[in-house]
1. Let me know the shape class of the range 53-99, please: from the alpha-carbon gyration tensor, a ≥ b ≥ c as square roots of the eigenvalues, rounded when a/c is under 1.5, otherwise prolate if a/b is greater than b/c, or oblate.
2. Quote the relative contact order of the chain in percent (integer), defining contacts as alpha-carbon pairs under 8 Å separated by 6+ residues.
3. As an exercise, use a Förster radius of 51 Å and the Cβ-Cβ distance of Asp241 and Val391 to find the FRET efficiency, rounded to the nearest 0.05.
4. With Cβ to Cβ distances under 11 Å as the rule, what net charge do the other residues near Ser320 carry (K, R +1; D, E -1)?
5. Here are some values of volume of the Cα convex hull per residue in Å³: [x] 116; [y] 143; [z] 166. Which one was computed from this structure?
6. Can you tell me the length gained on complete extension of the stretch Phe361 to Phe197, counting 0.36 nm per residue apart and subtracting the Cα distance?
7. Once you sort the root eigenvalues of the Cα gyration tensor of the range 206-338 as a ≥ b ≥ c, which label holds: rounded (a/c under 1.5), prolate (a/b larger than b/c) or oblate (the other case)?
8. Run the numbers on the range 55-143 and let me know its relative contact order in percent, using alpha-carbon pairs under 8 Å that are six or more apart.
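Read-outs: derived from the displayed coordinates by stated rules, not from any lab. Fair warning: this is a prediction, and the values are worked out from it, not measured in the lab. Note that each Cβ is placed from the backbone with ideal geometry, even for glycine, and that neighbours are counted across all protein chains shown.
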Amino acid sequence: MKGMRTLAILAGAMVLSMSTWFSASAVLPQLRASWSLDSGQAAWLTIAVQLGFVSGALVSAITNLPDRVDPRRVFFLSCLGAAAANALLATATGPDAALPLRFVTGFFVAGIYPPSLKIMASHVQRGRGVALGLMIGGLTLGSATPHLVNGLGGLDWRLVIVVTSALTALGGLAVLVLVPDGPYPFPRGSFEPRYLFRSFRDPAVRLANFGYFGHMWELYAMWSWFGVFFAESLRVAGVADAHLAALGTFVVVGAGAIGCYAGGVLSDRWGRTRTTALAMAISGTCAGLAGVVFGGSPLLVLSLGVIWGIAVVADSAQFSTMVTELADQAYVGTALTVQMAAGFLLTVATIWIIPFARDAFGWQWAFAVLVPGPALGVVAMLRLRARPEAVRIAGGLG
């Protein structure tokens, strides 16, 4: 019972604390109009967060911070930092001031996301795939929340920013006050900056990372640009309603929470490598079909989007779960942080590429550039399944 209570608190805290991540993306239409942003400048509002996350994750990994300091304190202080940086965005009058603030927000988010997974893993041994899946489901809902706030209509973009900042601070406080030490603690690591590279020399961990990289090639580009894609698709179909586009995007991104739970259940019962390969096969197919339905029936576009939203993140927690099972147990926090740092660096490329692909080829082909990522991820998962280390994954299910 106590484990379920802790899981519920952590998942709820993730919903709250991750709302700052996509706060600027959610109000991007208003910012483009207010600040006269072109496609490149708009993309950089999200890219800056990703680069900040990578920088924060590298600092955390080099110092082994999540393995040397109580991750709950790291989580709390990082929430306060992200909330403050995000709140200051409400004072910005253009991209010159906004971009550094988005970078700092991402830097502090690196102290929220990886430590939260280690905290949860210390509370669960059996059913860890489901537990971490629910955690990433919380992240997914948190990422979708700004779209909901914006889609309700009648709100100034600055209010959206302030509300998401307050939610993040509240999430950090909840973890610090309400989450106890887990009954299955990981060994305390020492200062070992070389582990930043050691985690890539382990063949099994490396394949788990490669699967994650293929997943990340697709995920954040889809989350960042689906709202714009859907709004343009509605316009072409003769439906001009910005609030409908924002609410539809909330449904699509938020549906990923269902996928996170389903992916966790399936991975614990069927195996993580097969589950992640299936999820990437489905999401990659949706990326290829998105352009086919563009401008068609809004219900059809939204339906494909929901399937894509479920599949594109259903595997996310399982790559992290595999790392907790395969990596040196004294440096699980560092291994998770290294995985995420490299994965989020990769997202910068696709978030930047999508608007240029759209300008060059139209929305009919823009999302097709995401397909190679999940395709290569499937190959990595099948190779990992064939390795002897797979017996350490999901209680021997691989």
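1. Oblate shape, in that a/c is at least 1.5 and b/c is the bigger or equal ratio.
2. Result for the chain is 26 percent.
3. Once rounded, the FRET efficiency stands at 0.45.
4. In short, +1.
5. The listed entry that was calculated here is [x].
6. Residue separation times 0.36 nm, minus the Cα-Cα distance, leaves 55.1 nm.
7. In terms of gyration-tensor shape, prolate.
8. Relative contact order of the range 55-143: 34 percent.
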